[in-house]
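Student: The structure follows.
Computed from the coordinates by the stated procedures, all read-outs in this text should not be read as laboratory data. The structure presented is a predicted model; accordingly, all values stated were derived computationally and were not measured. Heads up, the Cβs are rebuilt from the backbone with ideal geometry, glycines too, and the neighbour counts pull from every protein chain shown.
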Amino acid sequence: MSMLTIAMPKGRIFEEAAALMQEAGYKLPPDLDESRKLIIEVPEENMRFFLAKPMDVATYVEHGVADVGIAGKDVLLEEERDVYELLDLKISPCYLAVAGLPDTTLNEVAPKIATKYPTVASAYFREKGEQVEIIKLNGSIELAPLIGLSDRIVDIVSTGRTLRENGLVEYETIVGITSRLIVNPVSYRIKNKEISNLVNRLTDTIEEKAVR
Amino acid sequence: MSKLLMFEKPVGMRDTLPHIYETKRKVKEAAEGAMRSWGYRFIETPALEYYETVGDASAILDRQLFKLLDQQGNTLVLRPDMTAPIARVAASKLLKERVPLRLAYSASVYRAQQREGGRAAEFEQIGVEMIGDETMSADAEVIALLVSVMKETGLEKFQLSLGHIRFTDELFRQILGTEERAEQLRRFLYEKNYVGYREHVKNLPLSSIDKQRLLQFLNLSGGMDCLDEAAKLIEGSAGAEALDELRMVFGRLQEYGVDEYVTFDLPLVSHMSYYTGLVFEVYADGVGAPIGNGGRYDDLLGKFGHPAGATGFGLRVDFLLEAIGQLEDEAGIHCVLFSNDRRVEAIEEAQKRRAAGECVLLQDVAGVKDVDSFTESCKSVTFFVGKSSGGNV
């Protein structure tokens, strides 16, 4: 059996992803998150974990330095990486939405959309037949309409609290998001046994959770 | 854009330095040797082709093509693969000769990278095309040759996945009824989005049995037994025929003694519309993308006005090198250093060694600033310096 290298997303998704792995019976070290080490080996599972920025997980997997990764569907839509999307882990549910200040309309000449997801946002508005200008931001997207940078934002919404607290409202829902198990196309073949095993165990756990 | 610095080059373009060149040359020689020994003849085609002909017929996505204009305003492409140019040559010239044609190539192809570095935009491909033979023997030969080529290059651990696009098409057509719906589903496979595929199937207005058939299809990979499973999912003769072809080719590969490298992978869709029969990809440990791929493309030659069945494969030399891993040391070069007085002696020595097959560099000592660092990379050195007779160091 060869060792599996798994890219885990830092932050919000991490805890739920690690919990799911543990529920599936994987013995992960309890301090995986706080550890200062970037790469952690778990020899009894023949696995190796590393933490990466959620946006980067699919990149590591595409290049094959990670065999497997856990990434939000938002990342997969935005990055369009050549990886297998094998399993919906059904964790960290949220959605991508268009939001803005209440009772406002789009600027008719050059409506501006601020977002961390330029690919998704431009595809969405193009399909609607609306010509917009996309402005890429790296965080605190809610600020953009407040300060007058953009008419609308496209961002992840999980509870809607951040939007409400900033006096923004949702205009449209683009697509629902959950975390996915992604796999490098070569690893999917070469390490098929190990990966099938992981997929089966996770599938069982996800189904059990759904019944509960 | 800021002013370019003199060392910069376009995204995805790479230099090949001497030690990499040596390794690459050896790998290519091994691969080409294997192809030649199977009776394949090498050909070359131009780097530039018309966008409307070869560009359009090629399997490579439009957005990956490098396009430019010639003096008359025609759109040209830098060849994105070798299969389409070879189909052009075969259809217009060679198919009048002996058929089936066995052709091979080793050439650079060009694919634009729009996103980022880390992926080559120019890379060498080495491969074969077998044109005009529609039997399974041709498919089996091409795969057996591929395995032989991989082994000749020194690669031990690799794996080949084998699918059949007509099985996929027939299953989807049977269950979904229309080509349009089949294409939707095929796109999920092409994009490797199994989650999306399952979601899509769940929401289709189908009986639960048919849904189950489509979901089962995703699991059809592995050994011969997965073909038996596949037979249960499909009705009618067209699907069974595709499975028979897979069985037959596998049998031939057993006869070639290369079946250990082959596994079935029926959901494999390496292109939306290009292939018409058997498809395959080859993978090696430690390289994140397939090293090569191929399959049967019976519709391509027709686009060039001379319909004929064809099959072939292409391997990426850069990925092959990555899989092999080790680089050659600097080629063993012998150094003859001389001072002006003893030039004749030095030339004689160099010529003698060259005649014996050695690589010998002849260097005037006056032209070297630091003799130690200059001679460091040579396997051995002879000095013809000063008055005494030369000696080896």
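Student: Cα centroid distance between segment B:152-176 and segment B:26-49, in Å?
Tutor: 25
Student: Still on this structure, I have one more. Are there GluC sites (Glu not before Pro) in segment B:42-102 that DSSP marks as loop and that have at most 10 other Cβ atoms within 10 Å, and which are they?
Tutor: Answer in residue order: B:97.
Student: Non-local amide H neighbours of residue B:359 (under 5 Å, H modeled in plane, Pro and chain starts lacking H): which ones?
Tutor: Result for residue B:359 returns B:334.
Student: Then there is this: Could you work out the Kirkwood radius for segment B:333-392, taking every pair of different alpha carbons, averaging 1/r and inverting it, reported in Å?
Tutor: Working: mean 1/r = 0.0876 Å⁻¹.
Averaging 1/r across every pair of different Cα atoms and inverting gives 11.4 Å.
Student: For a quick check: sort B:226, A:94, B:335, B:359 by the number of other beta carbons within 10 angstrom, fewest at the front.
Tutor: Values: B:226 17, A:94 20, B:335 23, B:359 13.
Sorted ascending by nearby Cβ count, the order is B:359, B:226, A:94, B:335.
Student: Under a 5 Å amide H to amide H cut-off, with H placed in plane at 1.01 Å, what residues pair with residue A:180 once short-range neighbours are removed?
Tutor: A:71, A:72, A:73, A:89
Student: Mind jotting down the three principal axis lengths of segment B:1-113 based on Cα atoms? Whole angstrom, largest first.
Tutor: If we take the Cα atoms of segment B:1-113, the spans are 55, 41, 23 Å.
Student: Among A:161, B:173, A:152, B:25, which comes first, second and so on when ranked by fewest other beta-carbon atoms within 10 Å?
Tutor: The fewest-first ordering by Cβ neighbours comes to A:161, B:25, B:173, A:152.
Student: Another question about this same structure. Once you order the gyration tensor axes a ≥ b ≥ c over the Cα atoms, which shape class does chain A get: rounded for a/c under 1.5, otherwise prolate or oblate by comparing a/b with b/c? Present the calculation step by step, with values, prior to reporting the outcome.
Tutor: Working: a/c = 2.34, a/b = 2.08, b/c = 1.13.
Prolate is the answer for chain A, as a/c is 1.5 or above and a/b outweighs b/c.
Student: With label points built 7 Å along Cα→Cβ from the Cα atoms of residue A:105 and residue A:23, find their separation and express it in nm.
Tutor: So the label points at residue A:105 and residue A:23 sit 4.7 nm apart.
Student: Here is a further query. Among A:27/A:193; B:67/B:303; A:73/A:128; A:116/A:191; B:26/B:151; A:10/A:90, which pairs are too far apart, with a Cα-Cα distance over 24 Å?
Tutor: Working: A:27/A:193 19 Å; B:67/B:303 21 Å; A:73/A:128 21 Å; A:116/A:191 34 Å; B:26/B:151 13 Å; A:10/A:90 17 Å.
Over 24 Å Cα-Cα: A:116/A:191.
Student: Take every DSSP beta bridge whose two residues both sit in segment B:333-392, then give the antiparallel share in percent to the nearest 5. Each step should come with its number before you reach the end.
Tutor: Values: 2 of 13 bridges.
Taking every DSSP beta bridge within segment B:333-392, about 15 percent pair in antiparallel fashion.
Student: Put a dot 7 Å past each Cα toward the Cβ at residue A:128 and residue A:3; how far apart are the dots in nm?
Tutor: Going by the 7 Å Cα→Cβ label model, 4.8 nm.
Student: A further question follows. Expressed as a whole number of Å, what is the distance separating the alpha-carbon centroids of segment A:16-92 and segment A:160-175?
Tutor: With segment A:160-175 and segment A:16-92 each reduced to a Cα centre, they are spaced 28 Å.
Student: Another question, if that's okay. In whole Hz, with x marking every Gly and Pro, tabulate ³J(HN,Hα) for segment B:223-228 from phi via Karplus 6.51 cos²θ - 1.76 cosθ + 1.60, θ = phi - 60°.
Tutor: Going residue by residue, I get x, 3, 4, 5, 6, 5 Hz, with x marking Gly and Pro.
Student: Using θ = phi - 60° and the Karplus relation 6.51 cos²θ - 1.76 cosθ + 1.60, list the HN-Hα couplings for segment A:103-110 in order, rounded to whole Hz, with x at every Gly or Pro.
Tutor: So the J values, rounded to whole Hz, are 6, 10, 10, 6, 3, 6, 6, 9.
Student: While we're on this one: Equivalent-ellipsoid semi-axes (√(5λ), Cα gyration tensor) for the protein assembly as shown, whole Å, largest first? Please list the in-between numbers first.
Tutor: On the way: eigenvalues 450, 237, 146 Å².
Calculated on Cα positions only, the semi-axes equal 47, 34, 27 Å.
Student: Could you pull out the trypsin sites (Lys or Arg not before Pro) across segment A:3-69 that fall in loop regions by DSSP (anything but H, G, I, E, B) with no more than 11 other Cβ atoms inside 10 Å?
Tutor: On the way: sites: A:10, A:12, A:27, A:36, A:37, A:48; in loops: A:10, A:27, A:36, A:37.
In loop regions of segment A:3-69 (DSSP not H, G, I, E or B), the sparsely surrounded trypsin sites (Lys or Arg not before Pro) are A:27, A:36.
Student: Also, quick follow-up: Give me the angle, in degrees from 0 to 90, between the Cα long axis of helix B:165-176 and the longest principal axis of the Cα atoms of chain B, rounded to the nearest 10.
Tutor: 30
Student: Which value in deg cm²/dmol, rounded to the nearest 500, describes the helix-derived mean residue ellipticity at 222 nm for chain A, given -39,500 (n - 2.57) per DSSP H run of n ≥ 4 and division by the residue count?
Tutor: Details: 8 runs with 71 residues, N = 212.
Rounded to the nearest 500, the figure is -9500 deg cm²/dmol.
Student: Additional query: Give the longest segment of chain A that steers clear of GluC sites (Glu not before Pro) in DSSP loops with at most 10 neighbouring Cβ atoms within 10 Å, not counting the sites themselves. Can you show the working numbers first?
Tutor: Details: sites that count: A:34, A:108.
Here the longest segment lacking exposed loop sites spans A:109-212.
Student: Taking a temperature of 20 °C and a viscosity of 1.002 mPa s, what whole-number D in µm²/s does Stokes-Einstein yield for segment B:67-134 with Rh from Kirkwood over alpha carbon pairs? The partial results should precede the final answer.
Tutor: Numbers: Rh = 14.0 Å.
After rounding, the answer is 153 µm²/s.
Student: What order do you get for B:164, B:271, B:334 when you list them from fewest to most C-beta neighbours inside 10 Å?
Tutor: Numbers: B:164 30, B:271 15, B:334 19.
Least crowded to most crowded, the residues run B:271, B:334, B:164.
Student: Compute, for the protein assembly as shown, the length of the dipole vector about the Cα centre, with Cβ point charges of +1 (Lys, Arg) and -1 (Asp, Glu) only. Units Debye, rounded to 20. List each step's numbers first, then the result.
Tutor: Working: 71 positive and 94 negative charges, 134 e Å.
Using only the charged Cβ atoms, the result is roughly 640 debye.
Student: Rounded to whole Hz and in sequence order, give me ³J(HN,Hα) for segment A:190-201 from the Karplus expression 6.51 cos²θ - 1.76 cosθ + 1.60, θ = phi - 60°, writing x for Gly and Pro.
Tutor: These are the phi-based 3J(HN,Hα) values: 5, 10, 4, 4, 4, 6, 4, 4, 4, 4, 4, 5 Hz.
Student: Okay, next question. Between segment B:246-313 and segment B:68-100, what is the C-alpha centre distance in whole Å?
Tutor: Going from one Cα centre to the other spans 22 Å.
Student: Let me ask something additional. Modelling each spin label as a point 7 Å along the Cα-to-Cβ direction, I'd like the residue A:210/residue B:225 distance in nm, to one decimal.
Tutor: It works out to 2.6 nm between the two label points.
Student: I want the antiparallel fraction of DSSP beta bridges within the protein assembly as shown, as a percent rounded to 5. If you can, show how the numbers build up before the last one.
Tutor: Numbers: 68 of 100 bridges.
Antiparallel: roughly 70 percent of the beta bridges in the protein assembly as shown.
Student: Are there cysteines in chain B with no second cysteine's Cβ under 4.7 Å away, and if so, which?
Tutor: B:226, B:359 - these cysteines have no disulfide-compatible partner (Cβ-Cβ under 4.7 Å) in chain B.
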